[in-house]
Amino acid sequence: MNKYKNVFSPITIKGVEFKNRIQTAPMVPCMATPEGWITKEVIEFYRPFAKGGAAIVTVGDSAVNWEHAMDHEGQLNLGDDNVKMGLDDLASEIQRYGAVISIELNHGGRFANSMNLASKGLKPISSTPKPAEIDEFFSKLQGKTPAEVEEMSIPLINKTIQDYADAAGRCKDSGFKMVMIHGAHGMLPSQFLSPYVNKRVDRYGGSFENRARFCIELLDAVRRRVGENFIIEYRISADEMVEGGMKVDEVIQFVKMIKDKIDILHVSVGMLPNPFTIQYMIQPLYVPYMINVHFAEEIKKAVGQDLYVTTVGSVMTLENAEEILSRGLVDFVAMARPFVSDPEFMRKAAHGREEDIRPCVRCNTCCGRSAFFKKTRCAVNPINGRETEYLGGRIPKADIKKKVVIIGGGPAGMQAALTAVERGHDVTLYEKESRLGGTLNHATDLEFKKDLRNYLDWVVAQTLKCGAAIKLNTEATADIIKHDNPDALILAVGATPFIPNVPGINKSHVHWAGDIDCGRVEVGQKVLVVGGGLTGAESALALAMKGKEVTLLEMQGPKALLNGAALINRFSLQSLLMKHNVKVVTNTKLEEITEKGVKTINSKFQWKEFEADTVTLALGMRPRKDKIEELRHLIPETDVHIIGDGQQIGNVYSAVHTGFDTAVEI
């Protein structure tokens, strides 16, 4: 325990004891009913975080009314008394583990779900009729007009403030001891506070005091409804990361205005309506850990010890949290994705089992799905979002113990082995190489792939000690399988790089991206990367970061760029490619490789040559169909399963989930 003495230091606020300093940051699981009511899925999604040791479990992004506030499907509706029955159940289930339950009260304002509003004959509302930049971005791609935003009238402002108070009251009535007001990330309160959005000329706009008025009246209304013996946490962006937006000095001025009205300040950055700031709010693997901690520390220094402060943003381990808390400049640390990838990570760390913690890879699959109104899932934790199927995170034992043979030790094969062993089967895994990992061994070489390397190290270690028989340096053959005579055969044979048949493809300066990423081959100063998907874009970025002059060539249009990346990561990678001067050329096909570069033709049938010292190929992978055909008929075909890239070219998510979904049914 001494290793994490600051993390596990209890603190009491207004008579409420917090057993440690870890809060689950708000998440968006998209699991409520269409009416916004609590479901069993919602309860079971949050339960593991409380059971795993969090002091505060924060239910994310819940709408204060069902008219204008809703910003995604599957959201909770705090604007109706009917929600209280489910809230009461949720509070009871979370608090039984000694956790304090909180909930994020939100109104999307101009970021609200415009399609949903249009179906009701309504428009998004805000302080000012300024469309969300992300709406403008996607409307431009689709050739559409962004949704109009309606400026809020004074009566509507008053009603909305009351909606916040009523929503907080419903939470208190349901057993909650605290709520979080979402004033960060470009949500409605910040749309009044921020000069970037607020262009009003009445008493809610113009001067700093006028812009702060909505937030102050909102907090006063909430306090009147919940009383003094109730904890109010306010979430704020210390820097909106846009020109003309709120910066930390002005935020400190605002915090000094509200500090007597709140109990905890939750410090984040950025604004969701602007897609290129999202990377600082929900950091992808390209962004350093703990990038926003300094903002929370700066605000804490400025406002003094009479306000509790929470920091958030890629605090990925309990060691990270301990390091932050040990400086004594913040009071709580909020973490989200580490709980998603391994809800038991706090307990494992407390018991000295850090090596058993399944690490988050910051691929942002979990967050990215909500943008498309899909329920949450995790790339590396196949149970996340499916907790009602596997209560308590437990995999049921099989009725009959079977002999399971797995061919291939990549991410799909390893996950299949872990799950099949947990089911109680006798498992043998064959891997033709000298180590486990498959394509992950190539995908983790780049400097900014630390998170994926952590996962690779974890899954290899877990597979080696899970109890399966691991046969390295062994190419599976028909004779081996006939000898083993398995009850179930899982083919996780992976894929090989696609190399196009174009003139010059065998020249000495042409290399597969995987060989370049790992440093196996020398690279010239001018590099042309062929293939603008995720692999090609990451290779291009890594080379540009080393000072190379890089051109990224994509045969399809701009929509195909960075294909394979989650939405948040896509915006981040796009920003980084621009920052490092990577030249992106779309709708252009490779036709020939010459000694001096390449010849191409574009969608307008125009030929163009590009100079390059090195040509990098990142044109995707092809399943090892020949190997699959060699092995798939050796036992009854109903008991042969094809997973991972052998089934369909994918990513870590598809590999892990096909491995799990197959093995859990054997």
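Within the stretch 521-546, residues that are farther than 20 Å from G557 by Cβ and in a helix (DSSP H, G or I) reach partners that are open to solvent by 40 Å² or more (accessible area, probe 1.4 Å) and at pLDDT 95 or above with beta carbons closer than 8 Å, at six or more positions or on different chains, in the pairs L541/H580; A544/H580; A544/N581; M545/H580.
Every residue, every condition in (1) farther than 20 Å from R632 by Cβ; (2) among the small types (G, A, S), yes or no:
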site	(1), (2)
G424	yes, yes
V427	no, no
T463	yes, no
D487	no, no
I490	no, no
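In the stretch 305-322, which residue that is over 22 Å from the mean Cα position of the chain (by Cα) and in contact (Cβ under 8 Å) with a residue 24 or more places away in the chain is surrounded by the fewest Cβ atoms within 10 Å (Cβ to Cβ)? Looking at the filtered set, the residue picked out is D306.
Of the residues making up the stretch 254-267, at least one is over 22 Å from G15 (Cβ atoms), open to solvent by 10 Å² or more (accessible area, probe 1.4 Å) and modelled with pLDDT of 95 or more. Each residue in the stretch 473-518 was checked for being among the aliphatic types (A, V, I, L, M), part of a loop (DSSP other than H, G, I, E, B) and under 21 Å from D626 (Cα atoms), and 4 pass.
Among the candidates V380, V405, V421, the residue that is under 28 Å from A476 (Cα atoms) and assigned to a strand (DSSP E or B) is uniquely V405.
Set side by side, the residues D399, D457, D445 differ, and just one is without any contact (Cβ under 8 Å) to a residue 24 or more places away in the chain, open to solvent by 40 Å² or more (accessible area, probe 1.4 Å), closer than 27 Å to M621 by Cβ and of a type outside the set (A, V, I, L, M), which is D457.
Looking only at the stretch 14-41, residues that are open to solvent by less than 50 Å² (accessible area, probe 1.4 Å) and part of a strand (DSSP E or B) come to 5 in all. Selection of strands (runs of 3 or more DSSP E) fully inside the stretch 605-666 by the criterion of at least 3 residues being touching a residue at least 24 places away in the same chain (Cβ under 8 Å) and open to solvent by less than 70 Å² (accessible area, probe 1.4 Å) returns 614-617, 640-642. Look at the stretch 122-146: where a residue is touching a residue at least 40 places away in the same chain (Cβ under 8 Å) and a partner is assigned to a helix (DSSP H, G or I) and open to solvent by 70 Å² or more (accessible area, probe 1.4 Å), sitting 6+ places away or on another chain with Cβ atoms under 7 Å, you get L141/K559. Counting only helices (runs of 4 or more DSSP H) that sit completely within the stretch 112-228, those holding 2 or more residues that are small (G, A, S) and buried (at least 16 other Cβ atoms within 10 Å of the Cβ) correspond to 154-173, 208-226. Close contacts from the stretch 40-66, counting a first residue that is over 20 Å from I231 (Cβ atoms) and in contact (Cβ under 8 Å) with a residue 12 or more places away in the chain and a second that is of a type in the set (F, W, Y) and in a helix (DSSP H, G or I), with Cβ to Cβ under 8 Å and a gap of 6+ residues or different chains, come to P48/F339; G52/F339; G52/F345.
In the stretch 94-116, the residues that are without any contact (Cβ under 8 Å) to a residue 40 or more places away in the chain form Cβ pairs under 7 Å with partners that are open to solvent by 10 Å² or more (accessible area, probe 1.4 Å), at six or more places apart or across chains, as follows: S114/D135; S114/A147.
With respect to being more than 24 Å from the chain's Cα centre (by Cα), under 25 Å from T12 (Cα atoms) and either at pLDDT 95 or above or open to solvent by 10 Å² or more (accessible area, probe 1.4 Å) (or both), L329 fits the description.
The values are calculated or read from the model by the stated rules, or taken from the named source; none is laboratory data. Values in this document were obtained by computation on a predicted structure and should not be read as measured data. Backbone-built Cβ (ideal geometry, glycine too); neighbour counts: all protein chains shown. We work out accessible area using only protein heavy atoms, side chains counted, and drop any ligands, DNA or RNA first. Shrake-Rupley method; radii C 1.70, N 1.55, O 1.52, S 1.80 Å.
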